[in-house]
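A short write-up of the structure that comes next.
The values are calculated or read from the model by the stated rules, or taken from the named source; none is laboratory data. Computed from a predicted structure; not experimentally measured. Note: ideal-geometry Cβ built from the backbone for every residue, glycine included; neighbour counts use all protein chains shown.
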Amino acid sequence: MTKIVPQPGIMDIALYVGGQSHVEGVADVVKLSSNENPYGCSDVAKSVYSKSGLDLHRYPSTDHASLRAAIGDVHGLDPDRIICGAGSDEVLQFIAQAYAGKGDEVIYTEHGFSMYPILAKMVGAKPVVVPERERVVDVDAILAACTRRTKIVFIANPGNPTGTMIGGNEVARLADGLPKGAILVHDGAYTEYVEGHDGGAALVESRDNVIMTRTFSKIYGLGGLRIGWGYGPKEIIDVLNRVRQPFNLSTVQLSVAEAAVKDQDFVAKCRADNAKWRAWLAEALMEHGVPSDTSTANFILARFSDRAEAEACDDFLKAQGVIVRRVTGYGLPNCLRITVGDEASCRRVAHIVGQFKGDTA
């Protein structure tokens, strides 16, 4: 009997492990492992969600026109160049499906989002990892790694789990230096946490080899609904829509996301609160001998002396009901990624880390 086998590369993919959400035997748990918005989503989005059940028997639109128009209006973008997906992950998957395959290379950086090599393997392409410079994307290293087989370059900017980012001039230099026929994917899941940052939109407008992605899972507080979008050259978006399932987003997803993107007052408040408590938490941890790079996202990458100390601190935090994220899989075994929560959560984390370090009674 002929053995049924999957396509090459698929069995090389390790199953993704999400952030832990509970601790056995601990009731009062604070989850700071998945970079979720501690304030949830806006009241406007909640109201639309509560009413969305009236039309569950209806198929959703296939063109997402209303949501694309709302995104375009808020961000000053051409709705015809916007594509929506089940989280920005699905848009990234469309790009890999459409533009990479066997014999091609997909570049990502050493501490980049763990989905990038998975997407490459999914389509049979070769994932190529390049070093970062002190946990920051190194444009020169990426350009040096490019070959005629390079089809896609993924960068998360701001980065996850580092929280660092590179400026627009460096991103433009990267786009201009890519081999002909290669695409730069500017993954901007944390864009909204950076005041005045366009997520790569201006670069998309001025280049034909750049596509940007965004999500509703972070600052909008809609991680449970899985909604994301991308913006790129019309020719690329037209290609991506040919591999997109026609009903990939439900009526509920579309209506709630549209309400959420229109509520920019909520976004501004969340950005301001995050900036305040991100700075406070970073300084508090530093006072306990736990440094971190300047973060531009909604988390802190706390650095410890070695892997043993990081894991011991993680265990200590869990024992007291605080869940953070180990990032050994991202090549950062001596670090813990800690989501910036509300005031109470940040103070709780700082206090427990202080206890662990012997600085707090």
Anything in the range 101-126 that is within 24 Å of ASN35 (Cβ to Cβ) and either outside the structural domain of GLY200 (by TED's automatic domain parsing) or surrounded by fewer than 18 Cβ atoms within 10 Å (Cβ to Cβ) (or both)? List them, or say none. GLU110, SER114
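Residue by residue, here is whether (1) at pLDDT below 95; (2) outside any strand (DSSP E or B); (3) touching a helix residue (DSSP H, G or I) at 6+ places or on another chain (Cβ under 6 Å) holds:
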| residue | (1), (2), (3) |
| --- | --- |
| LEU249 | no, yes, no |
| ASP273 | no, yes, no |
| LYS276 | no, yes, no |
| ALA284 | no, yes, yes |
| THR294 | no, yes, no |
| ALA297 | no, yes, yes |
| PHE316 | no, yes, yes |
| LEU336 | no, no, yes |
Run ALA257 past the list (1) surrounded by fewer than 23 Cβ atoms within 10 Å (Cβ to Cβ); (2) farther than 19 Å from VAL153 by Cα and report the number of the one that doesn't hold. (1)
Of the listed residues (SER88, SER42), the one being in contact (Cβ under 8 Å) with a residue 60 or more places away in the chain, of a type in the set (S, T, N, Q) and over 25 Å from VAL153 (Cα atoms) is SER42
Is it the case that GLU90 is within 15 Å of LEU225 (Cβ to Cβ), outside the structural domain of ARG214 (by TED's automatic domain parsing), within 20 Å of the chain's Cα centre (by Cα) and modelled with pLDDT of 95 or more? no
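I want to confirm something. Restricting to the range 13-39 and keeping residues that are at pLDDT 80 or above and surrounded by fewer than 16 Cβ atoms within 10 Å (Cβ to Cβ), which single residue is farthest from ARG348 (Cα to Cα)?
Filtering the range 13-39 for residues that are at pLDDT 80 or above and surrounded by fewer than 16 Cβ atoms within 10 Å (Cβ to Cβ), the one farthest from ARG348 (Cα to Cα) comes out as TYR39.
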Out of the residues in the range 312-348 that are surrounded by fewer than 19 Cβ atoms within 10 Å (Cβ to Cβ) and polar (S, T, N, Q), which is nearest to the chain's Cα centre (by Cα)? THR328
Would you confirm whether any residue within the range 55-67 is under 13 Å from GLN253 (Cα atoms), out of contact with any Gly (no Cβ under 9 Å at 6 or more places or on another chain) and crowded, with 20+ Cβ neighbours inside 10 Å? yes
Go through the residues of the range 264-279 one by one and say whether even a single one is among the aliphatic types (A, V, I, L, M), surrounded by fewer than 17 Cβ atoms within 10 Å (Cβ to Cβ) and in contact (Cβ under 8 Å) with a residue 24 or more places away in the chain. no
